[in-house]
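Engineer: Take a look at this one; I'll ask things after.
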Amino acid sequence: MQRQQGFTLIEMLLAISIFALMSLAGFNILSSTVDSNELSLKHGDKMAKLQRAMLTIERDFTQISQRKVRINGEAPSANLLAHGELILDSESQVLAFRRVGWTNPMNMLPRSEVQSLAYRIFDGNLERLHYVFPDPVQGEEPKVRVLLEDVEQIEFEFFDPEAKSWQTTWEKTSLPSGVSIKLYSQDFGEIQRVFNLVN
């Protein structure tokens, strides 16, 4: 009589254990790949938002106007830039100015192509404020657009072409030849951009 050949119970348990370990390793690799992909997409999204924010700021500076600034419906100041702390409910510095080139095709909208705008930090966000009309009246609420989230602080410096140096304040009636913006972001740390102003 011939004995039947087959796997013993120990061999079966060993094979099942090896298969379970290989499955677990495969699942861990797949899980870490998915997590890594999600993290990469999140970081890519934040980077795209940062690039869009910088592009918006650059566009505003390239279209800056030689028109005196006015905040909260007050009389126009003698300056082309309004800069300071705690203006417009900001948690950090504010920079306000006017720009041209706000598209109004065939003058269909009842507004000018000049736009009053400001940058501020509010509730941890970098915000761009603008008014529908270039000379806002007192009490008029600006339109607010969040450019970047999780921003702790913003600092501005201005390049004085006469002194050939950077200034932390700007009280002159002319425009500086450059503006430096320094952001402190939770995601990216310190970010600095310098924008050339064409007078």
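The values are calculated or read from the model by the stated rules, or taken from the named source; none is laboratory data. Predicted model only: the values in this text are computed from it and were never measured. Cβ: placed from backbone, ideal geometry, glycine included. Neighbour counts: every protein chain shown.
Engineer: Of everything in region 27-79 that's charged (D, E, K, R) and over 23 Å from S185 (Cα atoms), which residue is farthest from the chain's Cα centre (by Cα)?
Structural biologist: E74
Engineer: Being out of contact with any Pro (no Cβ under 9 Å at 6 or more places or on another chain), modelled with pLDDT of 90 or more and farther than 15 Å from S92 by Cα is the filter here; which residues of region 167-185 pass it?
Structural biologist: L175, V179, S180, listed by residue number.
Engineer: Filter region 112-130 for residues that are touching a Pro at 6+ places or on another chain (Cβ under 8 Å) and either at pLDDT below 90 or farther than 23 Å from S174 by Cβ (or both) and give the result.
Structural biologist: Listed by number, the residues that qualify are S112, V114, Q115, S116, L129, H130.
Engineer: Against the conditions (1) more than 19 Å from the chain's Cα centre (by Cα); (2) closer than 16 Å to I87 by Cα; (3) exposed (fewer than 13 other Cβ atoms within 10 Å of the Cβ), where does P136 fall short? Just the number, please.
Structural biologist: Failed condition: (3).
Engineer: So which residues in region 164-199 are outside any loop (DSSP other than H, G, I, E, B) and polar (S, T, N, Q)?
Structural biologist: Within region 164-199, S165, Q167, S180, S185, Q192, N196 meet the criteria.
Engineer: Scan region 12-36 and report the pairs whose first residue is of a type in the set (G, A, S) and whose second residue is loosely packed, with under 10 Cβ neighbours inside 10 Å, with Cβ atoms within less than 9 Å and a gap of 6+ or a chain change.
Structural biologist: No pair meets every condition.
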